[in-house]
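Right, one structure below, let's go through it.
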Amino acid sequence: MDIVFMGTPDFAVPALKALIEKHNVTAVISQPDRPKGRGKKLLPTPVKAAAEESNIPVYQPEKIKDEKFTDFLETIKADIFVVAAYGQILSERILNIPKYGCINVHGSLLPEYRGAAPIQQSILDGRKKTGVTIMYMEKALDSGDMILKREVDITDDDTYGTLHDKMAIEGAKALIEAIDMIEKGTAKPEKQDDSLSSYAHMITKEMGRIDWSKSSEEIRNKIRGFNPVTGAYTSFNDEIIKIYAADIVSGSDGKPGEIIAVDKKKGFTVRTGSGALLIREIQAKGGKKMNTADYMRGHSIEKGNILI
């Protein structure tokens, strides 16, 4: 098939590379390059970089709905448009351009977790399973008919980062299978049951603050869900500390947020609303991510200190 691919971040790269191997990707659409890092250097999106490695033309409109750019899309040779974490909503006119329509790689088992952050939300909610859905796109958000679904297990040690990578790979495999079904005419799209739908809102940095009165499991899920992006955080001595790894342990002394034990080899233990957490990996303001034991060699952490 002749395919126009639309995507921006790392999640979309395996899907693009799989398409390049199996089909003819005639063009790639990605978000405009943005300044990143402390030096605010303009860097290509991961999808743009992957496309350029294969000498595929890349277009980066500020607004894909722009009438002139939509006119241009109509001139590109394509049987189908494939979207994976592109970051802009397509107009109805664009959705109607290709012969086989537009399909999307979505990071959940729809109709659950429609919206911007399905992978993180599944971890925050403590789910044990999630998956990817290949779906036809329509005007309403993530509500189109489903072509293919594939389950992905969430282990206790999965973070947003590790689950993201597993989902990206599984999404690429499912995408190739779905396109093969569409090409052969064997696809049997299934309508979504809107009554079973849920929404995964965009995750903000502010949502990462830890409420120590919550259960140990809820707090650990937050730590996993914000690792490595932004990091779950708390305050100690009026400074922000980010926490990237913690284990649920027993503990009944003290009040939520209080450090109830200090182990120079393992880390420190904080009382929660139901038990305690052993903090294993942290990052102080202006510092690097490190094992808590290493952090404590240069910082005073004592039993009875309070995190808020």
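What longest range of the chain stays clear of loop-exposed trypsin sites (Lys or Arg not before Pro) (DSSP non-H/G/I/E/B, at most 13 other C-beta within 10 angstrom)?
192-263
The magnitude of the dipole of the chain, with charges of +1 and -1 set on the Cβ of Lys/Arg and Asp/Glu and taken from the Cα centre, is near 1000 debye.
Taking amide H as placed 1.01 Å from N in the peptide plane, the amide H of Tyr59 sits under 5 Å from that of Val28, Ile29, Ser30, each at least 5 places away or on another chain. Hey, which lysines would be in cross-link range of Lys214, C-alpha to C-alpha under 21 Å, not counting anything within fewer than 8 residues on its own chain? Straight-line reach from Lys214, under 21 Å: Lys128, Lys205, Lys222, Lys242, Lys255, Lys303. Between Ile3, His106, Leu42, the Cα set farthest toward the positive side of the dipole of region 1-123 (charges on each charged residue's Cβ, about the Cα centre) is that of Leu42.
The C-alpha atoms of region 90-186 occupy a region whose extents along the principal axes are 43, 26, 18 Å, arranged from largest to smallest.
Is region 205-298 rounded, prolate or oblate when judged by the Cα gyration tensor, a ≥ b ≥ c being the square roots of its eigenvalues, rounded requiring a/c under 1.5 and prolate requiring a/b larger than b/c? Don't skip to the end; give the middle numbers.
Details: a/c = 1.57, a/b = 1.12, b/c = 1.40.
Note, shape of region 205-298 comes out oblate.
With helices defined as uninterrupted DSSP H runs, which ones in the chain have an alpha carbon span along their own long axis of at least 18 Å and mean Kyte-Doolittle hydropathy of at least -0.5?
On the way: long enough: 160-184 (35 Å, 0.06).
What comes out of the filter, once short or polar helices are dropped, is 160-184.
Short-range pairs are left out: with C-alpha atoms under 8 Å and at least six residues apart, the relative contact order of region 113-203 is 41 percent.
When you have a sec, figure out the Kirkwood radius of region 2-200 from all distinct Cα pair distances and drop it here in Å to one decimal? Before the final figure, lay out the partial values.
Details: mean 1/r = 0.0583 Å⁻¹.
After inverting the pairwise mean of 1/r, the radius is 17.1 Å.
Where both bridge residues fall in the chain, DSSP classifies roughly 70% of the beta bridges as antiparallel. Using just its DSSP H runs of length 4 or more, each adding -39500 (n - 2.57), the chain gives a mean residue ellipticity at 222 nm of -7500 deg cm²/dmol after division by all residues.
No value in this document is a laboratory result; all are computed from the given coordinates. A quick note: this is a predicted structure, and the numbers were derived from the prediction, not measured. Ideal geometry is used to build each Cβ from the backbone, glycine not excepted, and the neighbour counts take in all protein chains shown.
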